[in-house]
Amino acid sequence: MAQNPRDRAGQAFDLLHRKVTERLATIAEQRRVGYARPWRWAGDGGFLIVHDDDESVARDVTLEYVHRLLTLDLPHLRDEFARLGIEGSLRLRVAVHKGAIRYRGEGNEGTIYSPDINFVAHLEKAAPPDTVAVSSDVVRVAGPYAELFTPVGEFEGRQIHLFAADTRAGGAAAIWLATRGLAGGVPVHGHVERPSQLEKTRMIRAATTEVVDLGTSLRTASRYLVTTERPAHFRDAVLDFLDRGGSYRCVLMDPTSEATRLLSAQRGEDLAGKTREALTDLRRFKQRHGAAADRLEVLQTPGYPGMACLATDLDDPYAVILTSPYLMAPPGPRDQLERGDLPHYLVARDAGPLFDRLRSLVRGFATSAVERVL
């Protein structure tokens, strides 16, 4: 939709719908199945039902259909899209499940509902592009089609098997792993490097009660607060947040601690000196803004946090933690990554135990064994 005029995008949707329905109708007629048609179609996809009193007939129609859809129809659709000048790449995700459906009404005007419908809808969203994901319930009755599918992992309590249209991209297990991650994984927003000052400013402006800025020396944050650049987006956001009654806590390493000495030796840098420079800038910020900066606290910890972290409203439903674990690579002849070049991750409550553990770490460094210096 974003890459094509509306009429051309509509043409693409029409082509997809026609190919999907024609293929299903052809196989259904050949196999003389009792019922096989789209129940609902929403432009770029839909929900199809196949049923027969003989389950093997419904099985054969369904699995032959999805196999041909990906191996025959998808390449033909791509060729047709290219011929018509439709921009973008067509990718298809397909999910298959079997189960009981409750029905009320007449014909296609009725309503259907079932936990199995919810499951297969979720599975379709989880399926990697250009694959067919099927539940173990399907594989158990798949007969000669079972060899098409590879067991790849678990989804919502069921074992999932996958057929990939293009095996050159790797085995089905590798495709699922690259798309879904390891078992027990949670969604996290990944950033290739430190988000910009403007993005951090968004976080401060969205905060309501609490910000914790945690790191080794907080050199970047302290510079933002005393910058001579105009507009000073980050500084102004912090002042506005403090004016709204928020609490802003900066937690950095004690420049005189043993942990700082050891880390400085490992990194080959004057970490204590950088920390003192940051403290000077933070002191200057508080002096410049007087009472307006009273709720900005600067705390020192004798320990090593092991990460950079900007966290907001840790006890609220929409708390977020922007974090980057520090790499402990010693200095050497090769190019060294700056701290800002390391991957950063934005973690929200939806991450579950991961968020809880990060919050516990941040809380610990912000409240335990710390000394307020400003």
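Values as computed for the structure displayed
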quantity: Which listed residue, of Leu225, Leu218, Leu214, is touching a Pro at 6+ places or on another chain (Cβ under 7 Å), hydrophobic (A, V, I, L, M, F, W, C) and touching a residue at least 60 places away in the same chain (Cβ under 8 Å); calculated: Leu214
quantity: Pick from region 343-369, criterion touching a residue at least 12 places away in the same chain (Cβ under 8 Å) and assigned to a loop (DSSP other than H, G, I, E, B), ranking: least open to solvent (accessible area, probe 1.4 Å); calculated: Gly352
quantity: Sole residue being exposed (fewer than 13 other Cβ atoms within 10 Å of the Cβ) and within 18 Å of Glu277 (Cβ to Cβ), chosen from Thr220, Thr256, Thr216, Thr227; calculated: Thr256
quantity: Looking only at region 76-94, and only at residues there that are under 13 Å from Val20 (Cα atoms) and open to solvent by 40 Å² or more (accessible area, probe 1.4 Å), the one that is farthest from the chain's Cα centre (by Cα); calculated: His76
quantity: Neighbours by Cβ (under 7 Å, 6+ apart or cross-chain): first from region 289-303, under 15 Å from Val362 (Cα atoms); second acidic (Asp, Glu); calculated: Leu299/Glu371; Gln300/Asp254; Gln300/Glu371; Thr301/Asp254; Pro302/Asp254
quantity: Scope region 14-28; condition touching a strand residue (DSSP E or B) at 6+ places or on another chain (Cβ under 9 Å) and not small (Gly, Ala, Ser); matching residues; calculated: His17, Val20, Thr21, Leu24, Ile27
quantity: Hits in region 38-75 (condition: exposed (fewer than 15 other Cβ atoms within 10 Å of the Cβ) and farther than 23 Å from Phe149 by Cα); calculated: Trp39, Arg40, Ala42, Gly43, Asp44, Asp53
quantity: Any hit, region 270-282, residues being assigned to a loop (DSSP other than H, G, I, E, B), closer than 22 Å to Ser324 by Cβ and modelled with pLDDT under 95; calculated: yes
quantity: Residue that is least open to solvent (accessible area, probe 1.4 Å) [pool: residues in region 95-135 that are in a strand (DSSP E or B), in contact with a Ser or Thr (Cβ under 9 Å, 6 or more places away or on another chain) and over 28 Å from Gly171 (Cα atoms)]; calculated: Tyr103
quantity: Filter pass, Thr21 being surrounded by 14 or more Cβ atoms within 10 Å (Cβ to Cβ) and either polar (S, T, N, Q) or within 31 Å of the chain's Cα centre (by Cα) (or both); calculated: yes
quantity: Considering residues of region 136-153 that are part of a loop (DSSP other than H, G, I, E, B) and within 20 Å of Thr71 (Cα to Cα) only, the residue nearest to the chain's Cα centre (by Cα); calculated: Phe149
quantity: Selected residue (criterion: farthest from Tyr248 (Cα to Cα)) from residues of region 186-216 that are hydrophobic (A, V, I, L, M, F, W, C) and not in a helix (DSSP H, G or I); calculated: Val186
quantity: Any hit, region 92-104, residues being touching a residue at least 24 places away in the same chain (Cβ under 8 Å) and farther than 19 Å from Phe119 by Cα; calculated: no
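Here's the yes/no breakdown for (1) farther than 21 Å from Asp243 by Cβ; (2) assigned to a helix (DSSP H, G or I); (3) free of Cβ contacts under 8 Å to residues at least 60 places away in the same chain:
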residue	(1), (2), (3)
Lys286	no, yes, no
Ala308	yes, no, no
Asp316	no, no, no
Ser324	yes, no, no
Leu327	yes, no, yes
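The values are calculated or read from the model by the stated rules, or taken from the named source; none is laboratory data. None of the values given here were measured: they were computed from a predicted structure. Cβ sites come from the backbone with ideal geometry, for glycine too, and all protein chains shown count toward neighbours. In case anyone asks, the SASA skips ligands and DNA or RNA and just uses the protein heavy atoms, side chains included. Shrake-Rupley method; radii C 1.70, N 1.55, O 1.52, S 1.80 Å.
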